[in-house]
Amino acid sequence: MNQTFRIARVLGVDIRVDVSALAIVGFVTWVVSTGTLPEVAPGYSALEYWLFAALLAHELSHSVVANQRGIKVRAPERCSVRC
């Protein structure tokens with residue numbers, strides 16, 4: 001069952017989100033921001049951990065969708081942070 005709802009409309013294009021995807025991204029963001037990041041990179045505020053985790057979950061979702069649509073996803077040649 002595919003349950004989506006519209007969260008915005010930009011230039012005539014509906015921006016829709018799947019309920020299960022929203023729940024998964026929310027859970028991953030919570031786990032990373034409250035557990036993993038504070039252990040791996042201590043010294044930041046809770047807001048900074050949440051923002052980074054949300055950005056990470058968002059970008060990873062692009063890779064998941066690309067893989068589902070048969071688009072090859074690879075690691076970048078060079079990273080600005082330690083890979």
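The values are calculated or read from the model by the stated rules, or taken from the named source; none is laboratory data. Predicted model, so just to flag it, every value in this text is computed and none were measured. Reconstructed Cβ throughout: ideal geometry from the backbone, glycine too, with neighbour counts over all protein chains shown.
For the residues V17, V25, V40, the requirement of being modelled with pLDDT of 85 or more and among the hydrophobic types (A, V, I, L, M, F, W, C) singles out V40.
Is it true that V65 is assigned to a helix (DSSP H, G or I), modelled with pLDDT under 85 and not hydroxyl-bearing (S, T, Y)? Judged against the criteria, V65 is a match. Once the stretch 42-67 is narrowed to residues that are of a type outside the set (A, V, I, L, M, F, W, C) and touching a residue at least 12 places away in the same chain (Cβ under 8 Å), the residue that is surrounded by the fewest Cβ atoms within 10 Å (Cβ to Cβ) is H58. Among what's in the stretch 1-31 and is within 19 Å of L56 (Cα to Cα) and among the small types (G, A, S), pick the residue that is surrounded by the fewest Cβ atoms within 10 Å (Cβ to Cβ). Among residues in the stretch 1-31 that are within 19 Å of L56 (Cα to Cα) and among the small types (G, A, S), the one surrounded by the fewest Cβ atoms within 10 Å (Cβ to Cβ) is A23.
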